[in-house]
Amino acid sequence: MKIAVTAGTPVDTGLGCKIIEYHGYEALSFPVAKNPEEQDRLQFLGQSTLEKKVEEIIDIGKEKDAKALFIYCNSLSTAIDYKKIEKNKNFEIITPLKVYEEYAKNFKSLGVIGANSQAVHGIEKVMKSQNLKLNLVTLGILPLVISIENHEEPKEIIEKLDIKNLLKFFENIKIDGGNIEALVLGCTHFPYIKDELYKISKLNILDPAEGMLELLDKIVKW
């Protein structure tokens, strides 16, 4: 079964395709931009520009018999109104935002790291729509995305960007007398360093890709 996969760049689109294919689907790749910098600029050109690109991807996907669109990109997901596109195109869309809605229902306090400020703002907006009492500490880290795009080794990235101390910040911060319950990887690039994060932190790491696959299996009937 064919699934259209889109993300900000060829790298994260490729990561999404890999996940889809490992899960038994045939992936059709449709990156929106050439690199993180271009993607970052596109997000600030306006919602309508990005929505038009996504609609074009859906049209091409339909022509190639795709059964759903898998948006493997937090930044892109938060920069568009995917629910409007889903309705207008009558086409199923799987996005990390649907997973974040479930996180919000199950936690009291979360840390979120994303690609940039717009992305984490969008994630916060989605979560707060489900749980106004949810405590969130968010941070955008575009240099982390760029390092992953450049295929740098995870250990080198951790050291260069001082990720260990960043994780200590999230571990030690107190909210309403308690600790953050988990750290959300609010960028689909970040699972690239997930194994290293577990080695240097006691935080519970939440990877939305797992929830996205569960949603896809429920929506797309074999």
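The values are calculated or read from the model by the stated rules, or taken from the named source; none is laboratory data. What you see is a predicted model; the values in this text were computed from it and never measured. Neighbour counts are summed over all protein chains in view; Cβ atoms, including those assigned to glycine, are modelled from backbone coordinates with ideal geometry. All accessible areas refer to the heavy atoms of the entire protein, side chains included, with ligands and DNA or RNA removed. Shrake-Rupley method; radii C 1.70, N 1.55, O 1.52, S 1.80 Å.
Tabulated values for the structure
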quantity	calculated
The range 151-221, dipole about Cα centre (Lys/Arg Cβ +1, Asp/Glu Cβ -1), debye to the nearest 20	140
Calculated log₁₀ intensity ratio I(q)/I(0) where the Debye formula runs over C-alpha points of the range 132-222, q = 0.12, 0.15, 0.16, 0.21 Å⁻¹	-0.45, -0.66, -0.74, -1.09
Probe 1.4 Å, accessible area per residue of the chain, Å²	48
The range 1-145 - percent relative contact order, Cα under 8 Å, separation 6 or more	21
Residues S117 and D162, FRET efficiency given R0 of 22 Å [Cβ-Cβ distance, rounded to 0.05]	0.70
Calculated FRET value between K199 and L132, using beta carbons and R₀ = 41 Å, to 0.05	0.70
Hydrodynamic radius (Kirkwood) for the range 8-131, which is based on Cα pairs only, to one decimal in Å	15.1
Heavy atoms of T138 accessible to a 1.4 Å probe, total area in Å² rounded to 10	50
Ranked order, E196, E159 - accessible area, probe 1.4 Å, largest first	E159, E196
Rounded if a/c under 1.5, otherwise prolate or oblate - the chain, Cα gyration tensor axes	prolate
K108-D81 FRET efficiency (beta carbon distance; Förster radius 30 Å; 0.05 resolution)	0.60
Ranked order, D59, D176 - accessible area, probe 1.4 Å, largest first	D176, D59
Accessible surface, 1.4 Å probe, highest first, among residues K199, K168, K34, K194	K34, K199, K168, K194
Ordering of 201-214, 7-20, 124-137, 90-103 by burial proxy (mean other Cβ atoms within 10 Å per residue, highest first)	7-20, 90-103, 201-214, 124-137
Per-residue ³J(HN,Hα) for the range 184-198, Karplus 6.51 cos²θ - 1.76 cosθ + 1.60, θ = phi - 60°, Hz, x for Gly and Pro	8, 7, x, 8, 6, 6, 5, x, 4, 10, 4, 4, 5, 4, 5
Local electrostatic count at E171 - Lys and Arg +1, Asp and Glu -1, tallied over other residues with Cβ under 12 Å	+3
Among F91, G8, A104 the positive-end extreme of the charge dipole of the chain (Cβ point charges)	A104
Within the accessible area of the range 42-106 (1.4 Å probe), percent carbon and sulfur	43
